[in-house]
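Asks: Take a look at the following structure, please.
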Amino acid sequence: MTTVTTQTQMQTAQGYTYPPGPKPKPIIGASFDFSRSPLQYVTRLQRQYGDAATVQFMGDFKMVFLFTPAAVRYVLTEHPRDFTSREVNYTLTRLLGDGLLTIDGDFHRSQRRMVQPAFHKKRIESYAATMVQHTEEMLAGWHTGETRDIAMEMQTLTLRIVAKTLFDVDLRDDSDQLGRAFNDVILFPNDRRLSWKKLLHLDTPLTPYGRYMRGKRKLDETIFGIIAQRRATKEDTGDMLSMLLASQDEDASEMTDQQVRDETMTFFAAGHETTSNALAWTFYLLSEHPAKAELLRDELDRVLGGRAPTMDDLAHLPYTDMVIKEAMRLFPPAWTIGRMASQDFTIGNYHLPKGQVVLMPQWVMHRNPEIWGADALAFRPERFDPQHAQEVPQFAYYPFGGGPRMCIGMPFAQMEARLLLATIAQHFRPRLVPGFPVVPQPNITLRPKYGLQMTLH
Ligand code: HEM
């Protein structure tokens, strides 16, 4: 494709105008530089090119990065129908099938209506006691002075909670096996353009694909088993699955087993790794900022006085909420949102073609000093003090996305994160083992690459 580069934009022979971007390396483009350190790469990109940038990857594949709240609003809320999710969520499709995260258009709109009752406020609130109970059971096994991988602990805990609230299943005996199945599935690489990788697509335990298939089979077997059992008894066990099975479309049709499987798998996947990472990063930040941990502890002592938190207490724990919000600003569990244009579109000075992939990384927006000030990288929960929160421009902060595809699990996640933090921080203050390498790894979610080894105080 012939391109003419000016200082501010690139014009293609087809009449499209792209944002500026780094000169691509021969053949590989930016593929190597990007995949070596995606977070640093996208941060530099914004610093260098400002509002938007174009990056050319291997195979003449261009990606446009959007860095302003106005551009995010344009894509997510002003023109959501002009952009699709399925193509960019390719790896997820392989695991989740046709669940909310991976479907588009009318199908997405009708499915979203169908599953909404599962997230009804009263139903979600009824899970508070389960969340606290599982946390207390975890804490019963913790002892002062020992060292634990807090990221792993949070993952096991949120996995147990989602299994219980979604399927009424107790994973306490089986969680490590299911957790491993999830890891096998989630860590499988998201790159279908590299055809040589197909060589690794042999279904044996030695290949990543084989491990992926083993994980998927294990998960499917479990989920279809639960659905069959539940259809047979027709019992409302108070979980989200009961709501999904009872849910009907406008024409009174119900979801097929496959649809229920795809939606529950979507909630299962989207519903634990995100929240566990939010909590893991929160404990890391509190460990690095003892004065903020002290303020949190004061609030918990004052309001709870040592007893377990309930749903009603949350309204009286504003600092707990601010701590989590600030942690999700600095370490957004969903570190970027992507879309593919379903038609040509014009955004600012740029005119871009149908099929163009755009990425809107929260990681960059949430850390941009032009928005958050010179101390953008400082952990300061006070930014989210309700008296000042309205000063944050819309879409400068979007850990849960926005528009018609905004996270449907947000109320669940916010309640869970606050209850778990309040329960744990009353009893323990985990401190990072000195010198332990903390490296954010942008996989599907943003997780600490080596976990978080912390000593319990
Ligand atoms: C801290 C925790 C969480 C974070 C940061 C988070 C973040 C997000 C984000 C950014 C999106 C939008 C993605 C996009 O626009 O492409 C999303 C969508 C979604 N999330 Fe969450 N999420 C969290 C927890 C949960 C939980 C607990 C559940 C379910 C129990 C859940 C289920 C979903 C689903 C089903 C969607 C797709 C919605 C749609 O496309 O209609 N999430 N989430």
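Asks: Would you please name the residue that is nearest to residue 72 (Cα to Cα), looking only at residues in region 385-402 that are of a type in the set (A, V, I, L, M, F, W, C) and at pLDDT below 95?
Replies: Per the criteria, the residue is 392.
Asks: Can you list the helices (runs of 4 or more DSSP H) found entirely within region 247-338 that contain at least 2 residues being under 30 Å from residue 217 (Cα atoms)?
Replies: Once the helices (runs of 4 or more DSSP H) in region 247-338 are filtered for at least 2 residues that are under 30 Å from residue 217 (Cα atoms), what remains is 257-288.
Asks: Test residue 31 against the criterion of being surrounded by fewer than 21 Cβ atoms within 10 Å (Cβ to Cβ), over 25 Å from residue 348 (Cα atoms), of a type outside the set (Asp, Glu) and in contact with a strand residue (DSSP E or B) (Cβ under 9 Å, 6 or more places away or on another chain), and give yes or no.
Replies: yes
Asks: Looking at region 251-279 only, could you name the residues that are of a type in the set (Val, Ile, Thr) and surrounded by 22 or more Cβ atoms within 10 Å (Cβ to Cβ)?
Replies: 260, 264, 266, 274, 275, listed by residue number.
Asks: Just give me the residues in region 333-350 being within 15 Å of the ligand (Cβ to nearest atom) and without any contact (Cβ under 8 Å) to a residue 60 or more places away in the chain, in sequence order.
Replies: Initial filter on region 333-350 (within 15 Å of the ligand (Cβ to nearest atom)): 333-342.
Scanning region 333-350 gives no hits.
Asks: I need the full set of residues from region 401-440 which are within 13 Å of the ligand (Cβ to nearest atom) and in contact with a strand residue (DSSP E or B) (Cβ under 6 Å, 6 or more places away or on another chain), in order please.
Replies: Within region 401-440, just 401 meets the criteria.
Asks: What is the one condition in (1) in contact with a Ser or Thr (Cβ under 6 Å, 6 or more places away or on another chain); (2) without any contact (Cβ under 8 Å) to a residue 40 or more places away in the chain that residue 275 does not satisfy?
Replies: (2)
Asks: Would a scan of region 382-400 turn up a residue that is over 30 Å from residue 341 (Cβ atoms), within 16 Å of the ligand (Cβ to nearest atom) and surrounded by 20 or more Cβ atoms within 10 Å (Cβ to Cβ)?
Replies: Yes: region 382-400 contains one or more residues that are over 30 Å from residue 341 (Cβ atoms), within 16 Å of the ligand (Cβ to nearest atom) and surrounded by 20 or more Cβ atoms within 10 Å (Cβ to Cβ).
Asks: Condition first: of a type outside the set (Val, Ile, Thr), away from the ligand (no atom under 14 Å from the Cβ) and touching a helix residue (DSSP H, G or I) at 6+ places or on another chain (Cβ under 7 Å). Now tell me which residues in region 129-150 satisfy that.
Replies: The answer is 134, 136, 138, 139.
Asks: Here's another thing I want to ask about it. Yes or no: residue 358 in a helix (DSSP H, G or I) and out of contact with any Ser or Thr (no Cβ under 6 Å at 6 or more places or on another chain)?
Replies: On the way: in a helix (DSSP H, G or I): no; out of contact with any Ser or Thr (no Cβ under 6 Å at 6 or more places or on another chain): yes.
Against the criterion (in a helix (DSSP H, G or I) and out of contact with any Ser or Thr (no Cβ under 6 Å at 6 or more places or on another chain)), residue 358 does not qualify.
Asks: Name the residue that is surrounded by the most Cβ atoms within 10 Å (Cβ to Cβ), counting only residues in region 300-333 that are of a type in the set (Val, Ile, Thr) and within 27 Å of the chain's Cα centre (by Cα).
Replies: First, the residues of region 300-333 that are of a type in the set (Val, Ile, Thr): 303, 310, 320, 323-324.
Right, trim to within 27 Å of the chain's Cα centre (by Cα) and you get 310, 320, 323-324.
Details: 310: 14, 320: 25, 323: 27, 324: 24.
Looking at the filtered set, the residue picked out is 323.
Asks: Here is a further query. Test of understanding: among 275, 282, 346, 336, which residue is modelled with pLDDT of 95 or more, over 24 Å from the mean Cα position of the chain (by Cα) and β-branched (Val, Ile, Thr)?
Replies: 346
Asks: Further, regarding this structure: Kindly check whether there is at least one residue in region 251-265 that is within 14 Å of the ligand (Cβ to nearest atom) and within 28 Å of residue 149 (Cβ to Cβ).
Replies: yes
Asks: Is it the case, given these coordinates, that residue 295 is more than 23 Å from the chain's Cα centre (by Cα) and under 27 Å from residue 453 (Cβ atoms)?
Replies: yes
Asks: Can you say whether residue 166 is modelled with pLDDT under 90, within 12 Å of the ligand (Cβ to nearest atom), closer than 27 Å to residue 457 by Cβ and surrounded by 13 or more Cβ atoms within 10 Å (Cβ to Cβ), as far as the supplied structure shows?
Replies: Here the answer is no, as residue 166 does not meet what is asked.
Asks: Tell me which of these residue 217 doesn't satisfy, since it passes every other one: (1) more than 29 Å from residue 117 (Cβ to Cβ); (2) crowded, with 17+ Cβ neighbours inside 10 Å.
Replies: Condition (2) is where residue 217 drops out.
Asks: Hey, could you check region 71-88 for residues that are hydrophobic (A, V, I, L, M, F, W, C) and over 13 Å from residue 346 (Cα atoms) and say which is surrounded by the most Cβ atoms within 10 Å (Cβ to Cβ)?
Replies: 72
Every residue, every condition in (1) of a type in the set (Val, Ile, Thr); (2) at positive phi; (3) touching a Ser or Thr at 6+ places or on another chain (Cβ under 8 Å); (4) more than 12 Å from the ligand (Cβ to nearest atom), yes or no:
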site	(1), (2), (3), (4)
60	no, yes, no, yes
63	no, no, yes, yes
84	yes, no, yes, no
88	yes, no, no, no
92	no, no, yes, no
100	no, no, yes, no
107	no, no, no, no
116	no, no, no, no
120	no, no, no, yes
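The values are calculated or read from the model by the stated rules, or taken from the named source; none is laboratory data. Keep in mind that this is a model prediction, so the values were computed, not measured. Every residue, glycine among them, receives a Cβ derived from its backbone with ideal geometry; neighbour counts consider all protein chains shown.
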